[in-house]
Amino acid sequence: MPTPADSASAERRAKRGRRNRSRTWKIALVVAAVLLISAIGIGTGFVVAAVSSLPALPTLDIQTSMSTTIYDRYGNPVRQLYGDYDRSPVPLSKIPQTLQEAFISVEDRRFYSHHGFDIIGIMRAVVNDALGHHIQGASTITQQLARMSFLQDTRFQRSIKRKVQELILAVELERRYSKQQILELYLNNVEFSHHAAGVQAAAQTYFGKNVWDLDLAEQAMIAGMVNAPSIYDPYTHMDQAKERQAVVLQAMVDQGYITQQQADQAKAEPLKLAPLQTTLDYPGVWYVDAVRQYLIQKYGADMVYHGGLKVYTALDMNIQTALEQAIHAQLDKNFPIKSGQDYVDMAGVFVKVDTGEIVAMVGGRKYDTEMPFNAATQAERQPGSAFKPIAVYVPAFEAGMSPGTVIDDVPTTIQLPNGDTYTPKNYDRKFRGLITIREAVALSVNVVAVKVLQMIGVDKGVQSALRFGITTLELQNPKVNDRNNPSFALGGLTHGVTPLELTMAYAALANNGVYCQPLMVLKVEDRYGNVLEENTPQRKQIVDPSVAYLMTNTLESVITEGTGTRENIGRPAAGKTGTTQNNTDAWFMGYTTDYAGGVWMGYHDERHPLGDNVFGGKQPGLVWKATMLAAEQGLPVRDWTQPSNIVSVPISTKSGLLPSPITPPAFIRNELFIAGTQPTQMDDVFVQKTVCAEHPNLLYQPGCTGCTPVTKVFIQRKVPWTPYTENGVTYVPEDASMEAPTATCTLADGMGTAPSNGSSPGP
């Protein structure tokens, strides 16, 4: 049995064991304490680092980026302007309850019970990920809202710091906002493919509907896309999208939001996707682009793309569509675009004459980049004869001339101030002789325009163009100056004019001489409905109504009997063709009592001719006609009201004076005058002469052998003309054969010599 010494030794060993075990536990506790303190420190460091880079919590307000909406004149939305995403926020009350439930079912089924994050959801997501299932993510709707609103730069990072930030922000958002507010913000910001953000933009993009018009199948499709927008995009992966839609619908059944029968019916429903716009070109793109440039210049790009402006314009999509279709109808078949080559282009502008509101605009046939060169507003092209009414005939009527004023269209050489000479030519190389201004305008006679401007003074033409809003004249350069430009009357300018400015000038004629500033943007509101600007027509009387009426009445002759007969639209309309030298530009400008429109055609390279089969009264004129018919459809037929001081008087079209007893009826027409300017004298151009019946080009002399006297009516010019020869061809006025002979028959044989003063019959 153990001795007392053995017992004592055992006791000492036991005590040492107890002391060693106690020491071990103490060491373990110290180590554990150190590790715990280190973990807390590290965790605190993570939290401090995460919090330090968060937005200031006291100012944690969500400012939703909103697209700017462009509306037409009738309040219909035309286009959204946005940066990376198209956002069109709507109140929660307009979002269907079933769509709200679809998102909650698949994204955050305990949304209404948690306080920002969901521990159960996190654990469930871990299990599902391990099993290869992914029905609902670990992040709550509130966390997703926090991420998309405040953590854009790190939203795709998988880090503890970002997760901590997300949780803190989610808790703070839950404290500040109600569940309804959080859900509304989320549904208006959640991102999809094709630049759509928010359920309204998604509904418009994928189904061409407002969100409140979506059915259950469409709602489930949209809710399912959020998890992976590119994978579940129905345009590119319809099978995956349908599978995801089924997951959403089943989740809604599991949560008790819908019945199994409703889910099955929605799964079986075929989806009708809206056409996806894959190009920049869309109806009204040129108009919207011009509005965009105006808005950016005034409000800045950030406000335009993110500020949610509501912009109400004067755009009429019916007229706009007609203009676009008419341009393509003229160009696509007859003037196809060839890769790498300059191509024939067109631009057009149509406005309401009484307000200056631009109702339609096309800046070119091809829109392939945002904010490109807009030929309607930026191209300064030679207007040709389309410039004559503005710079020649309006100031001529103001100076006392009239549509009945007669000018001799004969070969003419003008001495210029610098000593040079200038010989204007008509486009068809014809000379028509004594004609009225009305005839000269209708037939676009160049010689008459040049002579009239010389008669009234070039400076009056310049001042008239300035009054009509033409801002491109060169008047300061002493070397190249439109005041000294011999072809100014024919629209041969230093810089040209833009289709917009020329259209506004013609609109003033249509508006009884009242010029209106061009107007596109009628009203702009901010996202809260506050009016930022509201524009009304700015009018100015620049021409006496009587002068404007005379010019309009004269321009009606272009369509009824002149170079614009193709453009007859079956109601009162006035117009003017314009085709420049070398056929590099072709124009048609025209108007009714309601609308004015201008169409330009040409190559971008101004040296490139359009060809012999292109001229203002053809392709541009037909575009004008098709567009104007659309604009006038359903409107009452109206004519311009004749001012009380306009009088109608019969005149001789060879003298512009009252018909004499011998004026042939074929040369008598009623003409309009401003009271006080009508003729009072008799026609002195038509004269009676006795000639030989056998030789009608010889004056009769009593006693001429073999000569039977006969009295005939001829014309007799006050100023003789001189033949014009070009390339071996001699040109004489068409009425030369009507001139009274100057040679007389001889007494001996009844013969005389041919006249040598230029009054012989022309070829």
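Among the residues of the range 208-259, the ones that are of a type in the set (Lys, Arg) and surrounded by 21 or more Cβ atoms within 10 Å (Cβ to Cβ) come to 1 in all. Screening 228, 223 for residues that are in contact with an Asp or Glu (Cβ under 9 Å, 6 or more places away or on another chain) and either more than 17 Å from residue 104 (Cα to Cα) or among the aliphatic types (A, V, I, L, M) (or both) leaves exactly one candidate, 223. Note on the range 464-501: residues that are in contact (Cβ under 8 Å) with a residue 40 or more places away in the chain and assigned to a loop (DSSP other than H, G, I, E, B) total 12. Would it be correct to say that residue 371 is part of a loop (DSSP other than H, G, I, E, B) and either aliphatic (A, V, I, L, M) or touching a His at 6+ places or on another chain (Cβ under 7 Å) (or both)? Yes.
Criterion applied to 173, 145, 99 was being buried (at least 18 other Cβ atoms within 10 Å of the Cβ), at pLDDT 80 or above and over 19 Å from residue 226 (Cα atoms), and the one residue passing it is 173. Under the condition of being surrounded by fewer than 21 Cβ atoms within 10 Å (Cβ to Cβ), in contact with a helix residue (DSSP H, G or I) (Cβ under 8 Å, 6 or more places away or on another chain) and at pLDDT below 95, the residues counted in the range 488-540 number 2.
Conditions tested, residue by residue: (1) under 30 Å from residue 525 (Cβ atoms); (2) in a helix (DSSP H, G or I); (3) among the β-branched types (Val, Ile, Thr).
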{"site": "257", "(1), (2), (3)": "no, no, no"}
{"site": "270", "(1), (2), (3)": "no, no, no"}
{"site": "276", "(1), (2), (3)": "yes, no, no"}
{"site": "337", "(1), (2), (3)": "no, no, yes"}
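Here residue 596 fulfils each of the conditions (1) under 29 Å from residue 355 (Cα atoms); (2) in contact (Cβ under 8 Å) with a residue 12 or more places away in the chain; (3) not assigned by TED's automatic domain parsing to the domain that holds residue 396 apart from (3).
Scanning the range 696-720 for residues that are part of a loop (DSSP other than H, G, I, E, B) and either assigned by TED's automatic domain parsing to the domain that holds residue 398 or over 23 Å from residue 433 (Cβ atoms) (or both) gives 700, 701, 702, 703, 704, 705, 706, 707, 708.
When residues in the range 396-428 are screened for being under 28 Å from residue 734 (Cα atoms) and part of a helix (DSSP H, G or I), 2 of them pass.
Would it be correct to say that residue 466 is out of contact with any Cys (no Cβ under 6 Å at 6 or more places or on another chain), at pLDDT 95 or above and hydrophobic (A, V, I, L, M, F, W, C)? Spelling it out, residue 466 is indeed out of contact with any Cys (no Cβ under 6 Å at 6 or more places or on another chain), at pLDDT 95 or above and hydrophobic (A, V, I, L, M, F, W, C).
Going by the conditions given, is residue 669 outside any helix (DSSP H, G or I), farther than 30 Å from residue 745 by Cα, over 42 Å from the mean Cα position of the chain (by Cα) and not acidic (Asp, Glu)? For residue 669, the condition - outside any helix (DSSP H, G or I), farther than 30 Å from residue 745 by Cα, over 42 Å from the mean Cα position of the chain (by Cα) and not acidic (Asp, Glu) - is met. Residue 360 meets all of the listed conditions (1) touching a strand residue (DSSP E or B) at 6+ places or on another chain (Cβ under 7 Å); (2) assigned to a helix (DSSP H, G or I) but one, namely (2).
Taken over the range 550-583, the residue count meeting the criterion of being modelled with pLDDT of 95 or more and out of contact with any Ser or Thr (no Cβ under 8 Å at 6 or more places or on another chain) is 14.
Every residue, every condition in (1) surrounded by fewer than 21 Cβ atoms within 10 Å (Cβ to Cβ); (2) in the same structural domain as residue 460 (by TED's automatic domain parsing), yes or no:
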residue: 327; (1), (2): no, no
residue: 332; (1), (2): yes, no
residue: 359; (1), (2): no, no
residue: 363; (1), (2): no, no
residue: 390; (1), (2): no, yes
residue: 393; (1), (2): no, yes
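Checking each residue in the range 663-718 for being among the β-branched types (Val, Ile, Thr), surrounded by 15 or more Cβ atoms within 10 Å (Cβ to Cβ) and over 30 Å from residue 648 (Cα atoms) picks out only 691.
Tell me, please, whether a residue that is aliphatic (A, V, I, L, M), over 23 Å from residue 644 (Cα atoms) and not in a loop (DSSP other than H, G, I, E, B) can be found in the range 540-555. No, there is no match, as no residue in the range 540-555 is aliphatic (A, V, I, L, M), over 23 Å from residue 644 (Cα atoms) and not in a loop (DSSP other than H, G, I, E, B).
If only residues of the range 585-606 that are in a loop (DSSP other than H, G, I, E, B) and β-branched (Val, Ile, Thr) are counted, the one that is farthest from residue 560 (Cα to Cα) is 593. Against the conditions (1) without any contact (Cβ under 8 Å) to a residue 40 or more places away in the chain; (2) surrounded by fewer than 13 Cβ atoms within 10 Å (Cβ to Cβ), residue 638 satisfies every one except (1). Close contacts from the range 176-203, counting a first residue that is touching a residue at least 40 places away in the same chain (Cβ under 8 Å) and closer than 21 Å to residue 109 by Cβ and a second that is assigned to a helix (DSSP H, G or I) and of a type in the set (Lys, Arg), with Cβ to Cβ under 7 Å and a gap of 6+ residues or different chains, come to none at all.
The values are calculated or read from the model by the stated rules, or taken from the named source; none is laboratory data. It should be emphasised that the depicted structure is a prediction, and the values quoted were computed from it without experimental measurement. Note: ideal-geometry Cβ built from the backbone for every residue, glycine included; neighbour counts use all protein chains shown.
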